[in-house]
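The values are calculated or read from the model by the stated rules, or taken from the named source; none is laboratory data. Note that the coordinates shown come from a computational prediction; the quantities given were computed from them, not determined experimentally. No Cβ is skipped: glycine too gets one built from the backbone with ideal geometry, and neighbour counts run over all protein chains shown.
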Amino acid sequence: MVYNKIPFDVIVCGAGHAGVEAALAASRMGASTLLLTGNIDTIAQMSCNPAIGGQAKGQMVREIDALGGEMAINADVTGIQFRLLNESKGQAVQAPRAQCDKKAYQFRLKHTLELQKNLQVFQATVTGLIFQSGKVVGCQTNLEIDFTGLTVVITTGTFLRGLMHIGQNKTEGGRMGDFSAKSLSGSLMEAGIQLERLKTGTPPRLLGRSLDFSKMVEQKGDANPTFFAFHDTRDPEDMFHVEHSCERRIGWAPGSKQVSCWMTHTTEQTAQLVRANLHKSAMYSGEIKGVGPRYCPSIEDKFVRFADKPRHLLFLEPEGRATNEYYVNGLSTSLPFDVQLDLVHSVPGLEDAQILRPAYAVEYDFAHPTQLFPSLESKKVENLFFAGQINGTSGYEEAAAQGLVAGVNAVNKVRATPPMLIQRNEGYIGVLIDDLVTKGTSEPYRMFTSRAEHRLLFNHGSAEFRFLDHSTKYSLLSANRLLNIKSKQSAVLRWVDFLERERTQGGTWAELIRRDRVGAAIPAGLSNETKAIQEEVIYRVSYQGYLVREQKQVEKLSQIEKIRIPHDFNYLSISGLRKESALKLADFKPMTLGQASRISGVNPSDISILMVMIGSGRGGDIV
Amino acid sequence: MPRPADTIAALATPAGTAALALLRISGPDTSRLAAEIFGATPPPRTARRGDYRARGGALVDDVLCIFFPESGSYTGEDALEISCHGNPFIAQAILEDLFARGCRPAGPGEFTQRAFLNGRMDLSQAEAVMDLIHARSERALAAANHLLRGGLGRRLNDLTERLLVALARIEAYIDFPDEDLPPEDRAIVRQALETIARETDRLLATSHYGELLRDGIKTVIIGAPNAGKSSLLNCLVGHERAIVSPEPGTTRDFIEERMIVGPHCLRLIDTAGLNPAPGAIEQLGMAKSLERAAEADLILLVLEANRPLPALPETLKSIITPTRTLAVVNKIDLLQGRPIGFAMPDDLPAVNVSALTGTGIDDLVLAITRFADSFQPVGKEDAIAINARHADALERARACLRDALEKLASDGPAELLASDLRGTLGAFGEIVGKVDNERMLDHLFSSFCIGK
């Protein structure tokens, strides 16, 4: 049957971290939205470690909050341990990280979705897409119920032909205990979308009461926790209530009653076990074809690639307040279960550990993200958007960021308004999307601060200012919050100006701050401002020279970023363009000259020629 | 179309020695630059003679300049054309000064491209422009490849690789603070950066452009008191053109002038006279003269035609070798037909002149040119490798390295240190091609075990 006569504005397929942000963003913009998930009980599940944030990711979560996403506040009110990473390294690269209560995190998000106006959630597995003259117009499900929609966002994570490996044992599924979406891949390939395989893995989960924590080192949360959401500009109601319902959602005061993680390490015995059983590992026996991430190696990889490193650190992370389950960070493996047992028992504190769930590796389909526009819409199929792990990324935060952008742009597409395009120089989300759609990826893509050439401009506290134009233009935040951000911004600018101008003993305030750095004196009026304002002001003043330098580079580069290339631009008809470049450009269909310039193999003279041709009035205009 | 925000400058005439060289400047800052350099923006479309003074105030050349306001220029932007004397060093000195004042070296075909973008050409002309851009950049690319296959490219690629390793060491601790990394060892990074800085210095110093432009061919005039050393210097300088005069920090005992001889730049240093029976103070001056002579690229040994050969200090004898010494037999006007009364020591090549009347100065200039030619590395690719753009990039790389080393010394924040290293990488990249961050990550993941 066809469920709906009037098509939904947006249908989101998959309710992981990308899907929930896509659905919330779309429905909050007022679009009628349907969220389809194979299992309502696993909405926003943290399939890997029970933590949000960390280096580069933490900054990205703050950016998600600045664009009206839910991840930040959800992590804050279900967080059970908070730490600010890189406290000693300098403000630009400081990043918040939190352990979250896995179930509370899911339940709160599920509840939020349920209470969201304009949003309908339905449990069914999407088995295929419905196309009509090159456009997507809806999807089919395993229940033989079809849904029609003006746009469809695919956020299927690792579920497309997911195949899990434990040694030689293979199970179909995108996650332990869950199903595999097999037929959707076929539907995508039919539409001309290229799919490839990637691999990722997850460690075993252990029972807490079988562990001896006295043999481990405790890692506590920060006494003064740093949160993800901008609580200083948000309505305090945001945390536990939903505007239209007054129902109270699960959660607790951020930072209250923190719990600890525990550190231990592998031993010589662990190393021997790994080496002796290497041939049984799914990874090393050739069972797995997909490419795994360099930054998240299995324990097999660690002992093989870093043979001279005698031991590796392991972290025991609690999965929640109301469970005794622990995640063993650092022990990802695809070795058979019996070897896993021996491995675990070779670790100090884990001698008598009971495994609740074994470690496994999972292979899955991903669609090359170079097949997308920076709006995350498919170049091959109109009205079809992709976000999250399906695009070859890894990590909840990367997924959520893309989901948010795809959701917003699906609505823009329906309304025929220009897409929200976040530039590389605006934040990590911009870097993420530009890297994906321009360069693609050959391993699960994870954000690092080093990927951002303008990292110094991306300190986590400035996310709201950096995205203010977008959040205003697309009405992503409440009117009240927008006002709060604007007044916060003017306070920051006023203080920066004051410090640069006003003199005190020995020079201007700014000069003294730059000289003394930490512990520099500040005027009394500034110390009365909020901590957020103070930190931003001090950051801008103490890094002034560097920020100016970066800003100059940004301006220089943004010239060509602003020049749009018409969608139907005929590269092959241009006489001066090298054939190789023309073919590449025709394949990639870059949206702007800036994007074209980052495609490998396209050289500056090609860009000059394009600039001339676009300027000649054969289409092309300024964004 | 957006208007280009920057101002570009380039030599419009072919590089090399000629009667004149033409430099072009185009962009929004042109008018301001003209006012800065010449005191006031010249009236539109009128040739004006003026002194080109570098930022420090030093006179570079007297030039002819024409200002074209955007309404009537080739590019459709404010533009300035400067005609200077056709010596590559003058043109380079002016270009370098323009870059220091904020201009950017123009890319291939960029003036034409701007002309098109500003509506100065129609589409049919644009087709021709594109072929031009293409052809020029291909040629530039071929030329660049040729250079980069040589020493410069190899060395810069090597430096880039070492820089990536150093950067990976810093980035690992920024991006993976929670990992089980060995304690951070910044001493290794410092050593690496010091080496890279030294190598960069060497590249800059050995560069044809860098050394000869900045320092010129060090030419020391040496001889007995009253042999006519100063007259010779004045005569040479008056005969040719001195481009830079007083040098701050020069020892007062020495008079130093720069002059252009053919395609070469000479740094002429006059020294105190060599007295066979010196007093204490003179001895000090003489020691310094000898020191100068020992460092010289070229020594002009001034002898008096009408007097016997003076007794030269023992230490000087080992310095005045025929490969770098030219005997200048002065005062031939006093001989009045009589032969020179001495044999040339060590068979030094000699030129007879009269600094007073100017006789023989042309021959001297010719002889000096021949000497200078022989100093030029022949057939070495490095000789042409470092042009103004390369030197500009290397100087910026060097400045970033200096900042980075300062931060290492003062234990500055890692993120700023990384920013400096990326600045260096970017500058190297302008010569050998952009470095993708993936290469840094490759180093990072192969040297550190990352991943919990």
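Tabulated data for the structure shown
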{"item": "Residues of region A:407-434 satisfying the condition of being under 13 Å from the mean Cα position of the chain (by Cα) and in a helix (DSSP H, G or I)", "result": "A:428, A:429, A:430, A:431, A:432, A:433"}
{"item": "Complete set of residues in region B:327-376 that are surrounded by 20 or more Cβ atoms within 10 Å (Cβ to Cβ), in a loop (DSSP other than H, G, I, E, B) and at pLDDT below 85", "result": "none"}
{"item": "Selected residue [within 14 Å of chain B (Cβ to nearest Cβ) and part of a loop (DSSP other than H, G, I, E, B)] from A:55, A:45, A:59", "result": "A:55"}
{"item": "Residue, farthest from residue A:208 (Cα to Cα), within region A:263-300, restricted to residues that are under 30 Å from the mean Cα position of the chain (by Cα) and in a helix (DSSP H, G or I)", "result": "A:300"}
{"item": "Every residue from region B:352-363 that is closer than 20 Å to residue B:339 by Cβ and within 30 Å of the chain's Cα centre (by Cα)", "result": "B:363"}
{"item": "Residue A:375, sole failed condition from (1) within 30 Å of residue A:310 (Cα to Cα); (2) surrounded by fewer than 24 Cβ atoms within 10 Å (Cβ to Cβ); (3) at pLDDT 95 or above", "result": "(1)"}
{"item": "Residues of region B:397-452 that turn out to be out of contact with any helix residue (DSSP H, G or I) (no Cβ under 9 Å at 6 or more places or on another chain) and at the interface with chain A (Cβ under 10 Å from one of its Cβ atoms), as a count", "result": "1"}
{"item": "Looking only at region A:563-576, and only at residues there that are at the interface with another protein chain (Cβ under 8 Å from one of its Cβ atoms) and aliphatic (A, V, I, L, M), the one that is nearest to residue A:466 (Cα to Cα)", "result": "A:563"}
{"item": "Only one of A:477, A:483 that is modelled with pLDDT of 95 or more, buried (at least 16 other Cβ atoms within 10 Å of the Cβ) and not charged (D, E, K, R)", "result": "A:477"}
{"item": "Residue list for region B:71-92, restricted to those being under 16 Å from the mean Cα position of the chain (by Cα) and within 14 Å of chain A (Cβ to nearest Cβ)", "result": "none"}
{"item": "Pairs where the first residue, in region A:296-322, is not assigned by TED's automatic domain parsing to the domain that holds residue A:81 and of a type in the set (Phe, Trp, Tyr) and the second is modelled with pLDDT under 90 and crowded, with 16+ Cβ neighbours inside 10 Å, C-beta under 8 Å, 6+ apart", "result": "A:306/B:449; A:315/B:452"}
{"item": "Members of region B:93-105 found to be within 12 Å of chain A (Cβ to nearest Cβ) and either buried (at least 22 other Cβ atoms within 10 Å of the Cβ) or among the charged types (D, E, K, R) (or both), listed by number", "result": "B:104"}
{"item": "Residues satisfying the stated conditions in region A:203-261, i.e. among the polar types (S, T, N, Q) and under 23 Å from residue A:86 (Cα atoms)", "result": "A:219, A:224, A:226, A:256, A:258, A:260"}
{"item": "Selection status of residue A:429, within 30 Å of residue A:389 (Cβ to Cβ), away from every other protein chain (no Cβ under 14 Å) and out of contact with any Pro (no Cβ under 7 Å at 6 or more places or on another chain)", "result": "yes"}
{"item": "Which listed residue is on the phi > 0 side of the Ramachandran plot, surrounded by 17 or more Cβ atoms within 10 Å (Cβ to Cβ) and over 23 Å from the mean Cα position of the chain (by Cα), from A:138, A:149", "result": "A:138"}
{"item": "Qualifying residue in region A:212-235 (condition: exposed (fewer than 15 other Cβ atoms within 10 Å of the Cβ), modelled with pLDDT under 95 and part of a helix (DSSP H, G or I))", "result": "no"}
{"item": "Test: residue in region A:367-375 that is among the small types (Gly, Ala, Ser) and in contact with an Asp or Glu (Cβ under 7 Å, 6 or more places away or on another chain)", "result": "no"}
{"item": "Meets criteria (at pLDDT below 95 and at positive phi) for residue A:349", "result": "no"}
{"item": "Residue under evaluation residue A:441, criteria (1) assigned by TED's automatic domain parsing to the domain that holds residue A:59; (2) outside any loop (DSSP other than H, G, I, E, B), criterion not met", "result": "(2)"}
{"item": "Of the criteria (1) closer than 30 Å to residue B:54 by Cβ; (2) of a type in the set (D, E, K, R); (3) modelled with pLDDT of 85 or more, which one residue B:304 fails", "result": "(1)"}
{"item": "Selection from region A:526-536 of residues that are out of contact with any Phe, Trp or Tyr (no Cβ under 8 Å at 6 or more places or on another chain) and over 18 Å from residue A:460 (Cβ atoms)", "result": "A:527, A:528"}
{"item": "Residue check for residue A:286: under 24 Å from residue A:364 (Cβ atoms), surrounded by fewer than 17 Cβ atoms within 10 Å (Cβ to Cβ) and away from chain B (no Cβ under 13 Å)", "result": "yes"}
{"item": "Members of region A:529-562 that are outside any helix (DSSP H, G or I) and free of Cβ contacts under 8 Å to residues at least 60 places away in the same chain", "result": "A:529"}
{"item": "Some residue of region A:551-562 being out of contact with any strand residue (DSSP E or B) (no Cβ under 9 Å at 6 or more places or on another chain), of a type in the set (A, V, I, L, M, F, W, C), within 14 Å of another protein chain (Cβ to nearest Cβ) and within 30 Å of residue A:588 (Cα to Cα)", "result": "yes"}
{"item": "Any hit, region A:316-329, residues being touching a His at 6+ places or on another chain (Cβ under 7 Å) and either within 14 Å of chain B (Cβ to nearest Cβ) or farther than 20 Å from residue A:267 by Cβ (or both)", "result": "no"}
{"item": "Extreme residue, nearest to residue A:547 (Cα to Cα), among residues of region B:396-450 that are in a helix (DSSP H, G or I) and aromatic (Phe, Trp, Tyr)", "result": "B:428"}
